[in-house]
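Student: Handing you a structure now.
The values are calculated or read from the model by the stated rules, or taken from the named source; none is laboratory data. This one's a predicted model, so the numbers in the text were calculated from it and none came from an experiment. Virtual Cβ from ideal backbone geometry, glycine too; neighbours counted across all protein chains shown.
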Amino acid sequence: MRIGVPKETKTLEGRVALVPAAAGDLVKRGHEVWIEKDAGVKSGFKDSQYTDLGVKIAKDAAELYEKGELIVKVKEPIAGDLALLRKDHLLFCYLHLAAEPALTRQLLDIGLTGVAFETVELPNGDLPLLAPMSVIAGKIGVQVGTHLLHQPMGGKGKLLGGLASTERGKVVVFGAGQAGRASAELAAAGGANVVVFEMRPDRLEEAMNIGPNVTALYPYADVVAKEVASADLVIGAVLVTGAAAPKVMTREMLKGMEDGSVVVDIAIDQGGCFETSRPTTWKEPTYVEEGVTHFCVTNMPGAVPQTSSQAICAAILPWVNKLASGDWRGNEALVKGINVEGGKLVHPALLDMKI
């Protein structure tokens with residue numbers, strides 16, 4: 001099969017879907033792999049590293065999409081991509097369609113088959129292609145939140161870990177999946193007091209075991225409001241597979257926080273889990289609501305493309321192999337990953353979507 005890897009075009013997005021070694025493996029399996037010129041540069045990979053392994057270079061996006069049958073990218077297609085996608089393309093990438101009705105309508109009009117990384121689901125419910133980027137986003141959420149608490153950034157001037165003679169900072173995390181757990185672990189390791197809200201008993205137990213400075217609680221509304229009001233940093237990391245994220249923090253709760261506090265919404269790709277969240281970019285990453293700095297960048301892992309590209313490629317390569325073989329319809333996990341096909345919505349979480 002001819003596999004095409006376009007350059008990512010989202011604002012300040014540096015990832016590439018296939019690193020040279022992975023693309024080379026696909027060539028050895030008999031596939032024809034094309035990558036758009038300079039697609040890997042921001043991740044630290046030169047075109048020559050691809051061509052040395054038998055990968056072909058497309059001079060621009062138009063040539064790339066013309067050559068490719070299976071299009072493998074990282075982020076959802078935007079204007080330039082949409083103009084070049086065809087009905088016969090098999091698209092494999094993050095889509096997050098529940099938060100993107102306009103994009104959904106465009107993909108339906110094109111009529112292609114779109115398999116989303118975030119909805120490829122194993123029998124036990126695990127989401128193997130979402131996990132690595134969730135972990136990275138969870139870590140970035142704490143790193144960025146720590147920085148935004150600095151007074152020169154408009155923050156309250158709080159050092160999260162504190163030190164002898166000062167109080168520790170407080171971090172509240174919604175969700176104890178891959179992203180939430182990564183946030184809680186990093187915040188706890190830095191010395192902050194951490195409160196994690198989660199509904200699943202097994203994840204509550206796992207969160208509690210992170211360390212003595214981590215408290216794991218069920219998200220009763222009054223308890224949430226109380227803990228949020230005294231938080232310096234709140235991180236949203238809740239997920240319903242393929243669906244819009246539930247709103248777990250209201251504007252009224254936000255009003256209870258001190259001015260200069262920070263909220264980071266990792267769930268923003270799925271519409272965000274805070275009532276006051278709206279998508280931002282790495283170019284203009286923050287805004288202030290009710291005196292609280294909001295960070296809601298829709299491609300957080302794109303800030304560390306070397307790490308992210310290596311991680312996402314290791315996760316997706318076995319699935320790219322299956323798709324490229326042409327005989328993938330019997331694979332339950334990939335079939336669950338189909339979001340759109342032949343002009344119709346397929347994933348159950350999208351069937352009631354208004355587009």
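Student: Check off (1) in contact (Cβ under 8 Å) with a residue 40 or more places away in the chain; (2) among the polar types (S, T, N, Q); (3) closer than 24 Å to Ile78 by Cβ for Thr280 and give me the number that stays unchecked.
Tutor: Result: Thr280 passes all but (1).
Student: Same structure, new question: Need the failing condition index for Ile316 against (1) in a helix (DSSP H, G or I); (2) outside the structural domain of Gly111 (by TED's automatic domain parsing), just the number.
Tutor: Unmet for Ile316, out of (1) in a helix (DSSP H, G or I); (2) outside the structural domain of Gly111 (by TED's automatic domain parsing): (2).
Student: Further, regarding this structure: I'd like the residue in the stretch 227-276 that is surrounded by fewer than 23 Cβ atoms within 10 Å (Cβ to Cβ) and hydroxyl-bearing (Ser, Thr, Tyr) and, out of all such residues, is nearest to His96 (Cα to Cα).
Tutor: Thr241
Student: Pick from Ile110, Ile71: which is under 23 Å from Pro132 (Cα atoms) and either touching a His at 6+ places or on another chain (Cβ under 8 Å) or not assigned by TED's automatic domain parsing to the domain that holds Gly242 (or both)?
Tutor: After applying the criteria, what remains is Ile71.
Student: Residue under question is Leu64, and the condition is that it be in contact with an Asp or Glu (Cβ under 8 Å, 6 or more places away or on another chain), in a helix (DSSP H, G or I) and either at pLDDT 95 or above or within 30 Å of Ala243 (Cβ to Cβ) (or both); does it hold?
Tutor: Against the criterion (in contact with an Asp or Glu (Cβ under 8 Å, 6 or more places away or on another chain), in a helix (DSSP H, G or I) and either at pLDDT 95 or above or within 30 Å of Ala243 (Cβ to Cβ) (or both)), Leu64 qualifies.
Student: Next up: Residues in the stretch 122-165 that are at pLDDT 95 or above and on the phi > 0 side of the Ramachandran plot: how many?
Tutor: Of the residues in the stretch 122-165, 3 are at pLDDT 95 or above and on the phi > 0 side of the Ramachandran plot.
Student: A further question follows. Could you grab me the full set of residues in the stretch 190-210 that are of a type in the set (Gly, Ala, Ser) and either within 23 Å of the chain's Cα centre (by Cα) or loosely packed, with under 14 Cβ neighbours inside 10 Å (or both)?
Tutor: Ala207
Student: Does at least one position in the stretch 234-243 carry a residue that is within 27 Å of Gly157 (Cα to Cα), in a loop (DSSP other than H, G, I, E, B), touching a Pro at 6+ places or on another chain (Cβ under 9 Å) and at pLDDT 95 or above?
Tutor: no
Student: Quick one: in the stretch 337-355, of everything that is touching a Leu at 6+ places or on another chain (Cβ under 6 Å) and part of a loop (DSSP other than H, G, I, E, B), which residue is nearest to Gly271 (Cα to Cα)?
Tutor: Leu351
Student: Any residue in the stretch 220-241 that's in contact (Cβ under 8 Å) with a residue 60 or more places away in the chain: show its pairings with residues that are among the acidic types (Asp, Glu) at Cβ separation under 6 Å, as long as the two are six or more apart or on different chains.
Tutor: Every condition considered, the pairs that remain are Gly236/Asp265.
Student: If you check Leu85 against the conditions, is it farther than 23 Å from Asp265 by Cβ and not acidic (Asp, Glu)?
Tutor: Yes, satisfied.
Student: Which of the numbered conditions does Ala182 fail, given that it passes all the others? Conditions: (1) surrounded by 22 or more Cβ atoms within 10 Å (Cβ to Cβ); (2) among the hydrophobic types (A, V, I, L, M, F, W, C); (3) in contact with a Pro (Cβ under 7 Å, 6 or more places away or on another chain).
Tutor: So the condition that Ala182 fails would be (3).
Student: Do you know which residues across the stretch 132-164 are closer than 19 Å to Cys296 by Cα and small (Gly, Ala, Ser)?
Tutor: Ser134, Ala137, Gly138, Gly141, Gly145, Gly154, Gly155
Student: How many of the residues in the stretch 217-260 are under 21 Å from Ala192 (Cα atoms) and of a type in the set (Asp, Glu)?
Tutor: 4
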